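Everything below concerns the one structure shown next.
The values are calculated or read from the model by the stated rules, or taken from the named source; none is laboratory data. Keep in mind that this is a model prediction, so the values were computed, not measured. Cβ coordinates were reconstructed from backbone atoms using ideal geometry, including for glycine residues, and neighbour counts include every protein chain displayed.
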Amino acid sequence: MKVLMSILVSLCSGFLAFADTSEAESPRDADELMSDVIAHLPALPLLITGELHVRRPRGVSVRDLKFEMLVNWGTYPASASYAIKDKKNRLLEELTVMRAKGAVPVFSRTAGDPPKEVAVGDLFAPVQETDLSWMDLTLSFLWWTGGKLVGEEKIKGRPAFVVDVPAPVGEAKPQYASVRLWIDVAARMLLQAEGRSADGTIVRRLWIKSFKKVNEMWMIKDLEVQHYPVLHRTKLRVHEVSEAGELINYESNAEH
């Protein structure tokens with residue numbers, strides 16, 4: 001069974017890669033902005049591999065894992081698979097999502113090595129004792145609609161639109177009632193996200209630590225996630241990206 005991944009980049013989902021948009025116009029509303037973000041996801045299949053590091057506030061190691069993401073947003077329906085492995089490269093869990101325009105996304109999950117199909121479960125719960133949930137890892141909130149543009153701020157020195165997006169009606173959301181997103185104005189890529197409860201309390205924060213421009217795409221290099229109340233922090237670091245079967249020279253490209 002193939003295992004996955006891209007931004008993030010969607011983070012992003014994906015983790016992710018985003019095409020450059022140096023002359024982006026201001027969106028009419030939040031839904032148009034999020035449509036722009038999705039439209040700038042790469043059409044070619046991407047395989048992204050890297051590591052997850054869980055650390056306590058003083059840097060004490062808690063857990064180290066590997067991940068693979070296989071994303072194919074150019075197909076219909078769009079598909080993405082996200083796999084978590086142990087340090088010996090044995091599969092622990094894998095989530096696959098299929099997305100068709102106007103339809104509810106379809107999730108499936110396997111666990112173990114060899115993999116067996118299991119219940120999808122709570123997509124908002126932490127995965128494998130990390131600070132990441134499947135909703136975070138798949139960046140599912142990029143596809144949520146009905147959001148509101150609430151302003152502009154700078155993240156990592158880059159101008160960003162700030163968007164509040166409510167969780168969809170019927171979505172299993174024991175933690176998130178909404179997500180606040182910071183979207184890069186020029187590149188139309190996710191820079192930061194905060195999952196919030198109904199009273200506005202921050203439940204989980206996800207932010208991009210560094211990214212690269214590779215083959216005219218902005219791609220996540222390092223991403224960090226922190227759950228609240230704070231027990232530890234999880235860092236996602238991308239090591240290799242393959243595009244349509246060809247390894248991209250990722251490490252040699254300039255980092256921001």
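Would it be correct to say that residue 113 is within 14 Å of residue 85 (Cα to Cα) and at pLDDT below 95? Here the answer is yes, as residue 113 does meet what is asked.
Looking only at region 47-77, residues that are surrounded by 16 or more Cβ atoms within 10 Å (Cβ to Cβ) and within 15 Å of the chain's Cα centre (by Cα) come to 12 in all. Within the option set 34, 1, being at pLDDT below 80 and of a type in the set (A, V, I, L, M, F, W, C) holds for one residue only, 1. For region 201-231, filtering for residues that are outside any strand (DSSP E or B) and modelled with pLDDT of 90 or more leaves 1. Checking each residue in region 58-83 for being in a strand (DSSP E or B) and either closer than 16 Å to residue 226 by Cα or charged (D, E, K, R) (or both) picks out 61, 62, 63, 64, 66, 68. For first residues located in region 52-74 and closer than 13 Å to residue 84 by Cα, partners that are outside any strand (DSSP E or B) and of a type in the set (A, V, I, L, M) and lie 6+ apart or on another chain with Cβ distances below 6 Å form the pairs 68/3. Just a yes or no: is a residue in region 91-105 touching an Asp or Glu at 6+ places or on another chain (Cβ under 7 Å), in a strand (DSSP E or B) and not β-branched (Val, Ile, Thr)? Yes.
Is it the case that residue 252 is in a loop (DSSP other than H, G, I, E, B), out of contact with any Ser or Thr (no Cβ under 8 Å at 6 or more places or on another chain) and either modelled with pLDDT under 85 or not hydrophobic (A, V, I, L, M, F, W, C) (or both)?
Against the criterion (in a loop (DSSP other than H, G, I, E, B), out of contact with any Ser or Thr (no Cβ under 8 Å at 6 or more places or on another chain) and either modelled with pLDDT under 85 or not hydrophobic (A, V, I, L, M, F, W, C) (or both)), residue 252 qualifies.
Scanning region 141-188 for residues that are part of a loop (DSSP other than H, G, I, E, B), in contact with a helix residue (DSSP H, G or I) (Cβ under 7 Å, 6 or more places away or on another chain) and closer than 18 Å to residue 210 by Cα gives a single hit, 188. If you go through region 69-82 and keep only what is touching a Leu at 6+ places or on another chain (Cβ under 7 Å) and farther than 16 Å from residue 139 by Cβ, you end up with just 74.
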